[in-house]
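Engineer: Take this structure, written in structure tokens, and hold onto it; I'll ask about it next.
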């Protein structure tokens, strides 16, 4: 830059050329998001559920995994009953193994959310990488990847997950692998579609004109511009992952008995439903339902706010 | 004009697009020379291949397009067929490009400082502070008000004129030897256009960089360029010093272009225009591509037009005009 020194006064720039400083993108996003009270309530509930799941070990009345604290004699107690040793009041009753249902549910929520969010993130990272590769490489690479995506999406998710679990066996890691396998394709398709549009834009051409490397152009210029649709799909798919995991656990092929998720709790109580012991399935079912509905509500609102085509 | 040391020497450049419908000969034998500190105006209608010429020099032509023939020598280095790595080290560093629409050429999600520092650090191993300082200096040079503040802004917070200044500053960041400006003022309003032109001219004079200014606007280029090359259907039909080309056009197409500038027309009369349309570049007939629209067309025009060159000017025509604006 040594040769480039400013000589003489810079010509005056017209004052109208300087627009006022606007609010930050995040503030603008929030002011638009909060126009829907329902979505704000849903977001609040999501936050509450996440906090509950995070602090579950510190707030539960009883550790449902600690066999010393659980007494089989207390099994299937109706809501509000005191335990036989008088230490606990089971506000939501107990399940078939004598576990305090409220405690088991909080732990179950913790597992359900963790599995959903983890598989969501891994599937998002994998799908985004594959989708970006497809759109940027083009040609045969793109055709091969997208046909694989089509193939993947043409399989019913639950069927594929069941087959994978049958092959892999039980366990949290296996469940996550199965969920990632059935979900990455959604992300790949979304990212590839957005990236195709983005990489035709002039700023990508300009970045190439600046001599930036391919990886830099893809990761720093194209990927951030693909994030809005990715966030929306991610939210909805996370809710989907949670319900899929619950389904697998309900069918008895999901998480092991020792780490009961919400789906497993529902399944455990299912056999007692007809004998009037509704609570074992009912309360975890409500929590599962609320969790999925509020996440989807947040996802819908994000879609409305982040999609420029739906803007007024 | 014989120039002592051309930094860019393009010879017989052909860039063709291989589409399903046929081969589009967007650039079909272009010769260009740009000397140090020289401003070359590349003029032509939409679709005459002027932008593709610019992209070809940088090796930025995407499939189905391909450079099929010719050479681009930049400071003695051959760029056609050079490995991607080498081209990348030249782009944005030795040869910079300024694009047409400043609204589109900045990444909307990155701040100006991020984008400018990235351009510096892609080519020089400097720390962030140095890169930022360079970005600030370059931005100040373009006459932008309060560069410090502008650096922290996102593209949507800047107006079109300011964004184009950012783009120009980015082009000058690495002190390039050549700048290719692809209609950089077309998307701006007229008052801003004049300022940008002035800044660009000053910067070129100051840094000694060569400049190829691609435009369809003869009025803009006549004030700015040292030399003008007029492009039609993928070829240069006339080139020479600005004053000569504007004052005494030799090719009927150039004369037509000059004639259709509004200020050259009399008030109350319909604007003069060149009859017909740009021919499809798919199946160009043999001979002069302009002959179907030319008032002087003769039977001889159906064969390949000869090139008249006297060292100063070049014209590709069977019967060059004698002079005057007819």
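Engineer: Suppose we filter region B:287-313 for residues that are out of contact with any helix residue (DSSP H, G or I) (no Cβ under 9 Å at 6 or more places or on another chain), over 13 Å from residue B:235 (Cβ atoms) and surrounded by 15 or more Cβ atoms within 10 Å (Cβ to Cβ); how many remain?
Structural biologist: Residues meeting the conditions: 2.
Engineer: Still on this structure: Count, please, the residues in region B:182-206 that happen to be touching a helix residue (DSSP H, G or I) at 6+ places or on another chain (Cβ under 7 Å) and closer than 22 Å to residue B:94 by Cα.
Structural biologist: The total comes to 8.
Engineer: Next question. Quickly run through region B:117-132 and pick out the residues that are at the interface with chain A (Cβ under 8 Å from one of its Cβ atoms) and assigned to a helix (DSSP H, G or I).
Structural biologist: Across region B:117-132, the qualifying residues are B:118, B:119.
Engineer: Read through the list (1) buried (at least 19 other Cβ atoms within 10 Å of the Cβ); (2) out of contact with any helix residue (DSSP H, G or I) (no Cβ under 9 Å at 6 or more places or on another chain); (3) within 14 Å of chain A (Cβ to nearest Cβ), then give the number of the only condition that residue B:50 fails.
Structural biologist: Here residue B:50 meets the rest and fails (3).
Engineer: Going by what's in this entry, would residue A:216 be described as under 17 Å from residue A:129 (Cα atoms) and within 12 Å of chain B (Cβ to nearest Cβ)?
Structural biologist: Yes; evaluated as a whole, the condition is true for this residue.
Engineer: Can you tell me which condition residue B:138 does not meet? The list is (1) facing another protein chain (nearest Cβ under 8 Å); (2) modelled with pLDDT under 85; (3) more than 20 Å from residue B:220 (Cβ to Cβ), and all the others hold.
Structural biologist: Status for residue B:138: all satisfied but (2).
Engineer: Output the qualifying pairs, or none if there are none: Cβ atoms under 6 angstrom, residues six or more apart or on different chains, first residue in region B:197-223 and facing chain A (nearest Cβ under 10 Å), second residue surrounded by fewer than 20 Cβ atoms within 10 Å (Cβ to Cβ) and assigned to a helix (DSSP H, G or I).
Structural biologist: So the pair list comes out empty.
Engineer: So, in region B:57-87, how many residues would count as being over 20 Å from the mean Cα position of the chain (by Cα) and within 14 Å of chain A (Cβ to nearest Cβ)?
Structural biologist: 7
Engineer: Only one residue in A:243, A:275 is touching a residue at least 24 places away in the same chain (Cβ under 8 Å) and away from chain B (no Cβ under 14 Å). Which one?
Structural biologist: None of the others qualify; the one that does is A:243.
Engineer: Something else now. Starting from residues that are touching a strand residue (DSSP E or B) at 6+ places or on another chain (Cβ under 8 Å) and under 22 Å from residue B:52 (Cβ atoms), keep the ones in region B:246-277 and report whichever is modelled with the lowest pLDDT.
Structural biologist: Restricting to residues being touching a strand residue (DSSP E or B) at 6+ places or on another chain (Cβ under 8 Å) and under 22 Å from residue B:52 (Cβ atoms), the top hit is B:257.
Engineer: Any residue that is exposed (fewer than 14 other Cβ atoms within 10 Å of the Cβ) and either part of a loop (DSSP other than H, G, I, E, B) or in contact (Cβ under 8 Å) with a residue 60 or more places away in the chain (or both) - is there at least one of those in region A:96-111?
Structural biologist: no
Engineer: Please find, among B:104, B:162, the residue that is within 9 Å of chain A (Cβ to nearest Cβ) and either part of a helix (DSSP H, G or I) or in contact (Cβ under 8 Å) with a residue 24 or more places away in the chain (or both).
Structural biologist: None of the others qualify; the one that does is B:162.
Engineer: Let me ask you something else. Which of the helices (runs of 4 or more DSSP H) contained wholly in region A:156-267 include at least 2 residues that are buried (at least 22 other Cβ atoms within 10 Å of the Cβ) and in contact with a strand residue (DSSP E or B) (Cβ under 8 Å, 6 or more places away or on another chain)?
Structural biologist: The helices (runs of 4 or more DSSP H) meeting that bar are A:202-209.
Engineer: For region B:165-189, name all the residues that are free of Cβ contacts under 8 Å to residues at least 60 places away in the same chain, more than 8 Å from chain A (Cβ to nearest Cβ), closer than 22 Å to residue B:124 by Cβ and surrounded by fewer than 24 Cβ atoms within 10 Å (Cβ to Cβ).
Structural biologist: Matches in region B:165-189: none.
Engineer: Inspect all residues belonging to region B:7-23 and state whether any of them is at pLDDT below 90, part of a loop (DSSP other than H, G, I, E, B) and away from every other protein chain (no Cβ under 14 Å).
Structural biologist: Checked against the condition, which is being at pLDDT below 90, part of a loop (DSSP other than H, G, I, E, B) and away from every other protein chain (no Cβ under 14 Å), region B:7-23 yields at least one hit.
Engineer: Hey, among A:42, A:27, A:56, A:68, which residue is more than 10 Å from chain B (Cβ to nearest Cβ) and modelled with pLDDT under 80?
Structural biologist: Exactly one of A:42, A:27, A:56, A:68 is more than 10 Å from chain B (Cβ to nearest Cβ) and modelled with pLDDT under 80, namely A:68.
The values are calculated or read from the model by the stated rules, or taken from the named source; none is laboratory data. Worth saying up front: this structure is predicted, and the values here are computed from it rather than measured. A quick note on method: Cβ atoms are made from the backbone with ideal geometry, for glycine too, and the neighbour counts reach across all protein chains shown.
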